[in-house]
Amino acid sequence: MNQFKTLVALFLSVITLSSTRASGEEVQMNGESIRLNSQNVVLVRTASTPKRVLVTFPVSMVLTRCAETGTRMVYGQHPTCGTETTYEYECYINTVCHDVPDYCGGTPNCGGVHRECQDYTRCGYYPRTRYRSCYYSETYCVREELYNQPTEQQLSLRFRRTVKLQGDQTEKYQLIASQALVNESTYQVSVTAQNTQAPYKVRGMSKSYYNGERSYVLVRRTIFTWLKSLFNKKEATEEPEFFAEFFSEE
């Protein structure tokens, strides 16, 4: 077990190192959909970036599989042992219902009926067929190994109340995606504002997504900051505070 944990840690360190080396890549979001070659990149927003961008990116899933199998003899019920018929005592409850005429002041059949039900219990010995017990050969896994399964995931990135970029103005956002848990087909994704023209919030709900499930991220300015810009007032000078959360939308 300790050797397996060490192998898991070593495997993850190799993947993390290769992902970190690719973190310097910058990709401009100049269309409604873009495809990334790494799960750790810098997204560049330009004047041509639309309000919604569908980002397709790879995520490496570290899973386990059986590398070596063996056989052993076990005792129990199995189809190779044949079948046998036994009689078991069981009880069943049958419910019987019928319509009964209504009585109105002692007069039957006065125009209505009501339904009455009664339970009847029936018990007895009933035949049951089952597999016999014997020794039979069973295949089992002797040794497991880790392997890397490349997957392709999607992120819907939305921009709301953002600064309208002019000319060669740009904004940069760091995207990092990774497997949520080893040996599980789930992933996590985060988007962090690095260099923007105004204080933004990256909004959502922190969660793990299943393999193939689309994730959603919203980048927006607060109402207060947005209204100040509309009235041509000076933007706040304090350092912007960012929080990353992720959310699902219908």
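Going through (1) under 30 Å from LYS164 (Cα atoms); (2) surrounded by 12 or more Cβ atoms within 10 Å (Cβ to Cβ); (3) modelled with pLDDT of 90 or more one by one, GLU25 falls short only on (3). The single condition from (1) exposed (fewer than 10 other Cβ atoms within 10 Å of the Cβ); (2) touching a residue at least 24 places away in the same chain (Cβ under 8 Å); (3) more than 30 Å from GLN77 (Cβ to Cβ) that ARG115 fails is (2). Here the condition is being outside the structural domain of VAL217 (by TED's automatic domain parsing) and either modelled with pLDDT of 90 or more or not acidic (Asp, Glu) (or both); of THR49, THR71, THR56, it holds for THR71 alone. The sole residue among TYR200, TYR209 that is surrounded by 12 or more Cβ atoms within 10 Å (Cβ to Cβ), under 30 Å from LEU63 (Cβ atoms) and at pLDDT below 85 is TYR209.
Scanning region 122-139 for residues that are over 18 Å from TYR92 (Cβ atoms) and out of contact with any Lys or Arg (no Cβ under 6 Å at 6 or more places or on another chain) returns THR129, ARG130, TYR131, ARG132, SER133, CYS134, TYR135, TYR136, SER137, THR139. Would you be able to say whether some residue in region 51-61 is more than 22 Å from the chain's Cα centre (by Cα) and either surrounded by 14 or more Cβ atoms within 10 Å (Cβ to Cβ) or part of a loop (DSSP other than H, G, I, E, B) (or both)? Looking through region 51-61, at least one residue is more than 22 Å from the chain's Cα centre (by Cα) and either surrounded by 14 or more Cβ atoms within 10 Å (Cβ to Cβ) or part of a loop (DSSP other than H, G, I, E, B) (or both).
The values are calculated or read from the model by the stated rules, or taken from the named source; none is laboratory data. For clarity, every value in this text was computed on a predicted model and none was experimentally measured. Using ideal geometry, Cβ is built from the backbone for each residue, glycine included, and neighbour counts are taken over all protein chains shown.
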